[in-house]
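Working notes, structure below.
The values are calculated or read from the model by the stated rules, or taken from the named source; none is laboratory data. Keep in mind the model is a prediction, meaning the values are calculated, not measured. Here the Cβ positions follow ideal geometry from the backbone for every residue, glycine too, while neighbour counts run over all protein chains shown.
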């Protein structure tokens with residue numbers, strides 16, 4: 001059974017109640033269609049289970065298969081430097097159908113980022129390292145494709161719909 | 001299925017219509033063999049796409065990866081091109097599945113290779129092997145652990 005390495009820390013992007021009993025980690029790729037399909041289901045999980053859930057997103061860009069996956073992860077991290085990781089995260093998935101190199105600046109403006117700063121941050125080596133570290137942790141944790149989910153540190157063998165189902169059953 | 005400590009059976013398989021790969025030419029290097037059932041499985045959960053992203057990791061451990069299935073070289077070429085794969089896929093095509101059989105990972109009923117991983121050390125001995133359920137992509141953590149173990153020797 002594969003387990004999450006390293007565990008969730010304050011280096012992660014965390015959404016939801018800090019003291020939640022269920023921690024869900026997704027390794028995802030912004031250009032992966034299966035991650036795009038999982039996105040609204042994850043949202044639904046967050047809404048349904050509310051404060052019981054803490055959600056963490058880690059980058060796992062399949063850069064050879066998806067040319068915009070790495071640039072998109074960079075956009076999310078650059079937005080994070082202005083405190084808007086999740087806004088960019090959501091915007092990327094909601095606009096996945098028209099993902100291209102020009103989209104990032106447009107989304108940055110839409111979510112209200114300082115564009116000049118965003119563009120400057122997008123070239124930062126630190127951001128690149130952070131994404132590579134996420135990828136590295138995914139490999140070590142046994143990620144075998146995207147999206148891969150971990151529930152309380154253990155790899156969940158299924159997709160977002162299965163995850164929803166499992167949570168419904170286990171939280172009764 | 002061959003286990004740790006066994007001598008990895010030598011083979012000679014086509015990677016392209018005019019390039020043959022001989023295992024024994026890779027003595028002195030670690031080798032990863034990833035047997036898989038067939039080309040053209042779904043994109044994101046595809047095992048080969050994952051390994052494609054990991055070549056620099058394998059490189060770090062002085063390891064060369066080969067995918068192996070019973071598909072023909074032409075099928076492999078189209079698959080590699082479509083998925084932009086940057087490592088060789090070997091055609092265990094004629095006689096069909098002979099290498100898969102030698103490693104004990106041929107599925108007779110399906111007529112395909114099972115989903116199995118081997119890490120072979122620099123002396124040509126199997127250092128680690130793993131058989132995955134056919135529908136489960138085994139990821140790469142096991143491979144990395146095995147390579148790390150070898151690098152400590």
Review point. Hey, any hits in segment B:91-99 for a residue that's in a loop (DSSP other than H, G, I, E, B), more than 14 Å from chain A (Cβ to nearest Cβ) and free of Cβ contacts under 8 Å to residues at least 24 places away in the same chain?
Key: yes
Review point. Being in a loop (DSSP other than H, G, I, E, B), at pLDDT 95 or above and within 14 Å of chain A (Cβ to nearest Cβ), is that true of even one residue in segment B:64-73?
Key: no
Practice item. Go through the residues of segment A:81-102 one by one and say whether even a single one is touching a residue at least 60 places away in the same chain (Cβ under 8 Å), away from every other protein chain (no Cβ under 14 Å) and farther than 28 Å from residue B:51 by Cα. Key: yes
Review point. Are any residues in segment A:117-170 part of a helix (DSSP H, G or I), more than 21 Å from residue A:76 (Cα to Cα) and within 14 Å of chain B (Cβ to nearest Cβ), and if so, which ones?
Key: A:140, A:160, A:162
Exercise for review: Take residue B:87 and decide whether it is within 14 Å of chain A (Cβ to nearest Cβ), at pLDDT 95 or above and in a helix (DSSP H, G or I).
Suggested key: no
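Condition check ((1) in contact (Cβ under 8 Å) with a residue 24 or more places away in the chain; (2) under 25 Å from residue A:156 (Cβ atoms); (3) in contact with a helix residue (DSSP H, G or I) (Cβ under 7 Å, 6 or more places away or on another chain); (4) more than 14 Å from chain B (Cβ to nearest Cβ)) across all residues:
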site: A:7; (1), (2), (3), (4): yes, yes, no, yes
site: A:14; (1), (2), (3), (4): yes, yes, no, yes
site: A:36; (1), (2), (3), (4): yes, yes, yes, no
site: A:71; (1), (2), (3), (4): yes, no, yes, yes
Study note, to complete from the structure: Picked from segment B:20-50 (must be assigned to a helix (DSSP H, G or I), at pLDDT 95 or above and more than 20 Å from residue B:106 (Cα to Cα)), the residue farthest from the other protein chains (Cβ to nearest Cβ) is B:24
Practice item. Can you work out which of the residues in segment B:114-135 that are touching a residue at least 40 places away in the same chain (Cβ under 8 Å) and not in a strand (DSSP E or B) is surrounded by the most Cβ atoms within 10 Å (Cβ to Cβ)? Key: B:121
Practice item. Residue by residue through segment B:101-113, note down the ones that are touching a residue at least 12 places away in the same chain (Cβ under 8 Å) and either within 12 Å of chain A (Cβ to nearest Cβ) or not in a loop (DSSP other than H, G, I, E, B) (or both). Key: B:102, B:107, B:112, B:113
